[in-house]
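J.: Sharing a structure, written as structure tokens. Questions coming.
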Amino acid sequence: MQTVTVDLAERAYPIHIGRGGRRLLGDIVNSIGDVHQVVIIADERVAALHLESLIIGLQSPPTVVTVPAGEASKSLDGAARLFDRLADARIERGDVIVTLGGGMVGDLGGFVAATWLRGVRFIQVPTTLEAAIDASVGGKTAANHTSGKNLIGVFHQPAAVLIDTDFLSTLPQRDYIAGLSESVKHAAIRDPALLHWQAENAKAILSRVPAVLTELIARNCAIKADVVAHDERERNVRAILNYGHTVGHAIEHLLGYQLRHGECVALGMIAANRLACARELLDQEIADCIADVIATLGLPQRLPRALDAAAVAEVCKLDKKVRGGSIHFVLLRDLGATERVTDVSDAEIAAALSVIQPRD
Ligand code: GLY
């Protein structure tokens, strides 16, 4: 097992990573103290696979609430249904919520934990690669609004994150690969050595060799933990984690369920790099190196169908990162070095998009 700490003074917490990590849950709950009840909020598909083995170590049976799989559950209605169950179970402020599943359940369960009784403690048990290396670390909680993803939410740090790499073994390969996109992102913005390590170990990463998976997750969590420790509430440096996400979110919005989030982010990184090269901020060689790693890991380099550049630019302007009407773009200057720009024109977005449009 490896442990990475998110260093946030009185809100600091450990991220435990490794095979069989599920066995630590009982100890983690006991270490919190004053816990009368544990509630597990689980994705219904994940619960069917992993719930039984997770709860074995708990001293008393938890209350289990399952949430239908899929982003549609991550709404205020979905949260209200969970509040009803917490009320039925008489959950008190000293109790603990455990979220079991991917980013959807972690975000929604975290939002419910943050707001029930003005905040109860929660433990994240992510079961997707994307949630393990990104969404479960850093205390962002969320519900979707009809006008956009993650528009409702608060920062509420978990008491611990528990990543059992065996849980990732049931993940469909496409979802697993989509999660690798956040790893490419972390490497590009913060850790060039990780980018090269991923290229060299692509085969072992893609076949989920356990020791390699633990190392991959631990290295990513360390990057994310460091960024969050410097800027918990995204006032400055945390925004670099949005690299690839401006165009990525627009693609996700326009293509709905055709692509995974991570696939959109991969395309968003390629487009952002094109934009940076066009501004002579970034060398083409580095853009090519990142595109190669994206391809080696099996992530897409082109859209499945052509998108209208004006529509993409419009959606970019609806993004949460828009401030004072201008789009905030995170661009690379070099591997491990970023720059935030706010003056991106529609024409630049169209030019950047052209490199990811399908070939004729
Ligand atoms: N996923 C970006 C962040 O946590 O800030």
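Nothing in this text is a laboratory measurement; each read-out follows from the coordinates by a stated rule. All values reported here derive from a predicted model rather than from experimental measurement. All Cβ positions, glycine included, derive from the backbone under ideal geometry; neighbour counts span all protein chains shown.
J.: Restricting to Cα pairs below 8 Å that are 6+ residues apart, what does the relative contact order work out to for the range 204-346? Please round to a whole percent.
T.: That works out to 22 percent.
J.: Let me know the Rg and Dmax you get for the range 73-154 when you use only its Cα atoms, in Å.
T.: Just the Cα atoms of the range 73-154 yield Rg and Dmax of 12.0, 35 Å.
J.: Anything in the chain that counts as a DSSP H helix reaching 27 Å or more along its axis (C-alpha) with Kyte-Doolittle mean of at least 0.5? List them, would you?
T.: In the chain, the long hydrophobic H runs are 210-230.
J.: Which residues make up the longest stretch of the chain that has no GluC sites (Glu not before Pro) in a DSSP loop with at most 14 other Cβ atoms within 10 Å?
T.: The longest uninterrupted stretch comes out as 93-279.
J.: Then there's this: Hey, quick one: spin label on L151, modelled 7 Å out along Cα-Cβ, who in the range 254-289 has an amide N within reach, i.e. under 18 Å?
T.: 254-256
J.: Here is a further query. Just the Cα atoms of the chain, one point each, no solvent: what log10 I(q)/I(0) does Debye give at q = 0.12 Å⁻¹?
T.: -0.85
J.: Just from its helices, what would the mean residue ellipticity at 222 nm be for the chain, if runs of 4 or more DSSP H residues each count -39500 (n - 2.57) and the sum is divided by every residue, rounded to the nearest 500 deg cm²/dmol?
T.: -13000 deg cm²/dmol
J.: Another one. In the chain, what is the count of Lys pairs whose alpha carbons are under 16 Å apart, counting only pairs at least 8 residues apart or on separate chains?
T.: Lysine pairs satisfying the spacing and distance rule in the chain number 10.
J.: Let me ask another. Have a look at the DSSP beta bridges in the chain and tell me what percent are antiparallel, nearest 5.
T.: Percent antiparallel among DSSP bridges in the chain is about 40.
J.: Now for a separate question. How long is the gain from D84 to V237 if the chain were fully straight, where each residue apart is worth 0.36 nm and the alpha carbon distance is subtracted?
T.: Working it through step by step, the gained length comes to 51.3 nm.
J.: Taking the Cα centre of the chain as origin, sum charge times position over the Cβ atoms of Lys and Arg (+1) and Asp and Glu (-1), and report the length of that vector in debye to the nearest 20.
T.: For the chain, the charge dipole is close to 420 debye.
J.: For the range 83-160, which chymotrypsin sites (Phe, Trp or Tyr not before Pro) are in a loop by DSSP, counting at most 10 other Cβ atoms within 10 Å?
T.: Of the chymotrypsin sites (Phe, Trp or Tyr not before Pro), not one in the loops of the range 83-160 has a Cβ with at most 10 other Cβ atoms within 10 Å.
J.: Something else: Apply 1/(1 + (r/R0)^6) to the Cβ-Cβ distance of T5 and Q357, taking R0 = 45 Å, and write down the FRET efficiency to the nearest 0.05.
T.: About 0.55, to the nearest 0.05.
J.: How high is the relative contact order of the range 103-151, in percent, counting Cα pairs under 8 Å that sit 6 or more residues apart?
T.: Rounded, it is 43 percent for the range 103-151.
J.: Would you kindly compute the Cα radius of gyration of the range 29-106 and its largest Cα-Cα separation (Dmax), both in Å?
T.: 12.5, 34
J.: If you find the alpha carbon centre of the range 88-135 and of the range 220-257, how far apart are they in angstrom?
T.: Value for the Cα centre distance between the two parts: 20 Å.
J.: Further question: Send over the semi-axes of the range 144-201's equivalent ellipsoid, whole angstrom and largest first, taken as the square roots of 5 times the C-alpha gyration tensor eigenvalues.
T.: 26, 17, 15
J.: Below 8 Å, C-alpha to C-alpha, sequence gap of six or more: please give me the relative contact order for the range 35-180 in percent.
T.: It rounds to 22 percent for the range 35-180.
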